[in-house]
Amino acid sequence: MSSNNNIKDDLEKAFHWYQKMSENGHVEVMFDLVLCYCNGKGIEKNLEKAFYWFQKATESGYVEAMFYLADHYYSEDGTEKNLEKAFYWYQKAAESGHVKSMNNLASLYNSGEGSEKDLEKAFHWYQKAAESGLVDAMFSLASHYNSGKGTEKNFEKAFYWYQKAAESGHVNAMNNLASLYNSGKWVEKDLKKAFYWYQKAAEGDLEKVFYWCQKAAESGLVEDFSKWTSKNKLIDKFIQEAQLSAKNNYEVLEWISYNKLLNINYYSKGGFSKIYKASWSDGPIDSWNFDKQQWNRWNFQTGYEVILKTLNNLSTLEDNFLNEWKYHYNCQEKSFSKFIQIFGITQDPYNFNYIIVMSYARKGNLRKCLSDIIKFKWQDKLQLLKKIILGLKVIHKSDLTHNDLHDGNILISDNYELFIIDLGLCKPINNLQDFDKKANDIYGVVPYMAPEILRMKPCTQASDIYSFSMIMWEFTSGIPPFNDKAHDHQLIYDICKGKRPEIIRNTPKCYVDLMEKCWDSDPSNRPTITELEYEISE
């Protein structure tokens, strides 16, 4: 405690002598006195007195004080904002050789604040500051050469100053320099240098740290574009666009060589596909290895477990069907924790069917876990339901409907994270364009289908809410709805007439009320996904 008192005493003594010397006209000490008043060292903080001594120091010709006085006038720190006075003192300091003042004066000329807008004078002062080594001014000078503001366009000089600023650590200059190398504008195209500067920019700005993938694609992936093809222009375009727009490793899609998929074993069957489990010898992309100039990958030594979704009778892809996978990918981008990750696409060399390569959820689908979930506490059940709601919310907020939500299309990981799959795959793959709406052509799992769908009306977001109500019921019963009945015309007729699963005894009334709202025969009476989220969270 005594040491703190000693420091306090020393600061008070320092302030005393700063004040004495300032009153006797010592200009440099006036600035020290200003700092005491600004920071409350040795005296109570007082911005008005700090400002008074700023003025005294500037009137005595102290250049550093001129700069800070201008800053105070510009930012309303200790005095009223006065752009004209800020301009005046920046100008005085700049004319006395103060580099930061040169840059700020240029900015005021550029914007027309505190003085008439004058781009030529702005250029002049940016140039003076840049030549004096101020990095921000280098970037601004490059921008003026690029745009021709206040001077003639000169791309060679623009490139020179972007490079100087980038080499001095200016993040935006790094980004611009990378773009120039990437496009081949003003300089010979060099994707490796583009990647280098994009990566440097990411390292210098935490908000851009995941931007690496988009620009890494320009180097590591774009160079590979000519080395692979799916033999389908739509797939090639889909993968390439995903690579070029990816902002993190989770968003990267790849064309995966079939020979990289090992230990392929049958896993299960979906409505329009067969599911296989395999080990991907490379594993997904993690990050770029600068030393080896190649990608770091997950589990590249032991292999990475994946699911292969084989698209039956599909050696050629229709654009409409590929859109469904684009929907899944777009939702995956918006909420990677709610949708199973797609790693890429491959092709079986024997039957030429295309295969989606996806992440593996160890517990399988929701239906397989019902016997465990039925034993959960109500609070834990509600948390699982909320995870499904949040995934469905992403779909609905994207102006989409799932169209085929049921317990087989929700996967569960070891730690009970839930992932929605098969977005929009309720239509037959071989007949996407001309869906014949006849009773015997209904596609989906009947107990989860809303009455309006069974009556051949369009699927809406309210139809997804109906499907969710059946999952709610499963959480009370531990079995799928209408598990004891054939999924035939009679069941379709009964559902359309209002038949619903029997309420399980001891189900909380508030839960029953919400479930019944969700399976109401009138879609307009069902809650929206936002309302449902609110109700479940209550």
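Set side by side, the residues Leu514, Leu532 differ, and just one is touching an Asp or Glu at 6+ places or on another chain (Cβ under 8 Å) and in a helix (DSSP H, G or I), which is Leu514. Which members of segment 357-398 meet the condition of being within 30 Å of Leu262 (Cβ to Cβ), charged (D, E, K, R) and touching a Phe, Trp or Tyr at 6+ places or on another chain (Cβ under 8 Å)? Within segment 357-398, Lys363 is the sole residue that qualifies. Considering only residues in segment 83-107 that are surrounded by fewer than 24 Cβ atoms within 10 Å (Cβ to Cβ) and of a type in the set (Gly, Ala, Ser), the one that is farthest from Glu64 (Cα to Cα) turns out to be Ser107. Every listed requirement among (1) within 33 Å of the chain's Cα centre (by Cα); (2) modelled with pLDDT of 90 or more; (3) farther than 30 Å from Gln55 by Cα; (4) of a type outside the set (Ser, Thr, Tyr) is met by Ala178 save one, (2).
Considering segment 161-181, the residues that are over 19 Å from Ala122 (Cα atoms) and hydroxyl-bearing (Ser, Thr, Tyr) include one that is surrounded by the most Cβ atoms within 10 Å (Cβ to Cβ), namely Tyr181.
The values are calculated or read from the model by the stated rules, or taken from the named source; none is laboratory data. Since this is a predicted model, take the numbers as computed values, not measurements. Don't worry about glycine lacking a Cβ; one is built from the backbone with ideal geometry, like all the others, and counts go over all protein chains shown.
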